[in-house]
1. Out of everything in the stretch 72-97 that is within 21 Å of the chain's Cα centre (by Cα) and buried (at least 16 other Cβ atoms within 10 Å of the Cβ), what residue ends up being modelled with the lowest pLDDT?
2. Sort through 134, 106 and tell me the only one that's part of a helix (DSSP H, G or I) and modelled with pLDDT of 85 or more.
3. Report, by residue number, each residue of the stretch 24-41 that is in contact with a helix residue (DSSP H, G or I) (Cβ under 7 Å, 6 or more places away or on another chain) and at pLDDT 70 or above.
4. Does residue 63 satisfy the criteria of being under 16 Å from the mean Cα position of the chain (by Cα) and within 15 Å of residue 114 (Cα to Cα)?
5. Take residue 62 and tell me if it is at pLDDT 85 or above, out of contact with any helix residue (DSSP H, G or I) (no Cβ under 8 Å at 6 or more places or on another chain), closer than 20 Å to residue 139 by Cβ and in a helix (DSSP H, G or I).
6. Tell me which residues, restricted to the stretch 137-169, are closer than 20 Å to residue 21 by Cβ and either at pLDDT below 80 or exposed (fewer than 14 other Cβ atoms within 10 Å of the Cβ) (or both).
């Protein structure tokens, strides 16, 4: 049973290092590369698909902005309400707001990754694929650390988790 925590700690160290190494590798491949496929003309159907996918990607980015904007506004409102109330649970409420905002940031990262994948979906060049790989690795790394911090915050404050589960943010 003692090997499980050490295995988890080893994974928590190796995973971010592997992601960082992959990001550096992708960025090093990205430098000085030119693609001869960009000169190839596209068909009318491909142009139409690029336009449609561009609108879908823009819609996904708008959804990400709405998610994060609403989370920030809601967090500010809850914080100000708690700040001006004369409750002794100020620290607990700020921790709850922080964890909820972190969850919303993780959701926003998923939306932005989806948007980047959509933008690369139709006739990608090698450069587009390398850029997408670097962006996805970077956002995965951010999401990993964000999820880890959320999990640590929830484990350190179990009463917050129970109260958050009973409320919807």
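1. 95
2. Answer to the selection: 106.
3. If the condition is that a residue be in contact with a helix residue (DSSP H, G or I) (Cβ under 7 Å, 6 or more places away or on another chain) and at pLDDT 70 or above, then 29 is the only one that fits.
4. Criteria met by residue 63.
5. yes
6. Hits for the stretch 137-169 are 145, 148.
Results for (1) out of contact with any helix residue (DSSP H, G or I) (no Cβ under 7 Å at 6 or more places or on another chain); (2) closer than 26 Å to residue 14 by Cβ, shown as yes or no for each residue.
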residue	(1), (2)
101	no, no
105	no, yes
111	no, no
125	no, no
134	no, yes
139	no, yes
146	no, yes
155	yes, yes
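The values are calculated or read from the model by the stated rules, or taken from the named source; none is laboratory data. Keep in mind that this is a model prediction, so the values were computed, not measured. As a convention, Cβ positions derive from the backbone with ideal geometry for all residues, glycine included, and neighbour counts pool all protein chains shown.
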